[in-house]
Amino acid sequence: MSFIDTKRNPGLSITSVCVYCGSSNQALQPFKQLAKDVSTALAQRKMRIVYGGGHVGLMGIVADAALEAGTKVIGIIPEHIRAQEVQHMGLTELHVVPDMHTRKRMMVERADAFVILPGGMGTLDEAFEILTWKKLKLHNKPVVLFNAYGYWDHLVALIDHAVEQGFEQPSVRAYFKVVTDMNSMFAALESQEAPPMPPITGRM
């Protein structure tokens, strides 16, 4: 199954998308194909890709596909990860930063929107942080959860459970859109567009 979609939406003004995704090379092939398709589709719409700077797992696939499709790719990687020689060497820009907090802040500052692909603990960390920052009004940018093959079903159920148990307000569901195909992804990005907020100047 391919998620590729060649339709263009000239009205979409987002120019830079941060892609959160897994770094494991053991990810199943359908998720690797998803990463390639999503990145290619974003690149075909002349959107820059902002991501974690690695060359492994879905991260590397996202970067390679975007570069092949002719768009700019900005990687932001902490020194302790770069030292393990997992950085991508062919990016448009590679920023080596001192820690994870700086990496996350820079990724948010350089992106107009966020697409969350399947991933592990690191991706979950990034997903919850970007949603928490939105809840705290540190940004007002679109956040899209790409729920391919039901991968994020349990995460969405957990958030619903938190609402049901009184730990979150029902409004939390409006902080992100859940999509399962490419057309829905671009529709969600467009529908969530909002005036930019001041850049994040500190960390939480």
Once amide H atoms are placed 1.01 Å from N in the peptide plane, what residues at a sequence separation of 5 or more from Gly54, or on another chain, have their amide H within under 5 Å of its amide H?
-> His88
Run the numbers on the chain and let me know its relative contact order in percent, using alpha-carbon pairs under 8 Å that are six or more apart.
-> 21
Please report, as a whole percent, how much of the solvent-accessible surface of the chain comes from carbon and sulfur atoms (probe radius 1.4 Å).
-> 55
Sum of side-chain charges, Gly119 neighbourhood, beta-carbon under 11 Å (Lys, Arg +1; Asp, Glu -1) | -2
Descending principal axes extents, the range 73-189, alpha-carbon based, whole Å | 44, 30, 24
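How high is the relative contact order of the range 10-102, given as a whole-number percent (alpha carbon pairs under 8 Å, six or more residues apart)?
Numbers: 169 pairs, mean separation 24.3, N = 93.
Contact order relative to length: 26 percent.
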Note the listed values (i) 17.7; (ii) 17.0; (iii) 19.8, then indicate which one is Kirkwood radius over Cα pairs in Å calculated from this particular structure.
-> (ii)
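Given the DSSP H assignment, sum -39500 (n - 2.57) over each helix run of at least 4 residues in the chain and divide by its residue total; what's the result at 222 nm in deg cm²/dmol, nearest 500? Please report the intermediate quantities before stating the final value.
Working: 7 runs with 79 residues, N = 204.
Here the helix-only value at 222 nm equals -12000 deg cm²/dmol.
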To the nearest Å², the heavy-atom accessible area per residue of the chain with 1.4 Å probe amounts to 49
Under a Gaussian network model of the chain whose springs join Cα atoms within less than 10 Å, the largest fluctuation of Glu79, Glu164, Glu93 belongs to Glu164
Counting only residues 5 or more places away or on other chains, whose amide H sits under 5 Å from the amide H of Glu168 once H atoms are built in the peptide plane?
-> Val163
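What does DSSP give for the range 1-159 in terms of the percent of beta bridges that are antiparallel, rounded to the nearest 5? Don't skip to the end; give the middle numbers.
On the way: 1 of 19 bridges.
The antiparallel proportion sits near 5 percent.
The values are calculated or read from the model by the stated rules, or taken from the named source; none is laboratory data. Since this is a predicted model, take the numbers as computed values, not measurements. All Cβ positions, even for glycine, are placed from backbone atoms using ideal geometry, and neighbour counts span all protein chains on display. Please note that ligands, DNA and RNA were not included when accessible areas were found on the heavy atoms of the full protein model with its side chains. Shrake-Rupley method; radii C 1.70, N 1.55, O 1.52, S 1.80 Å.
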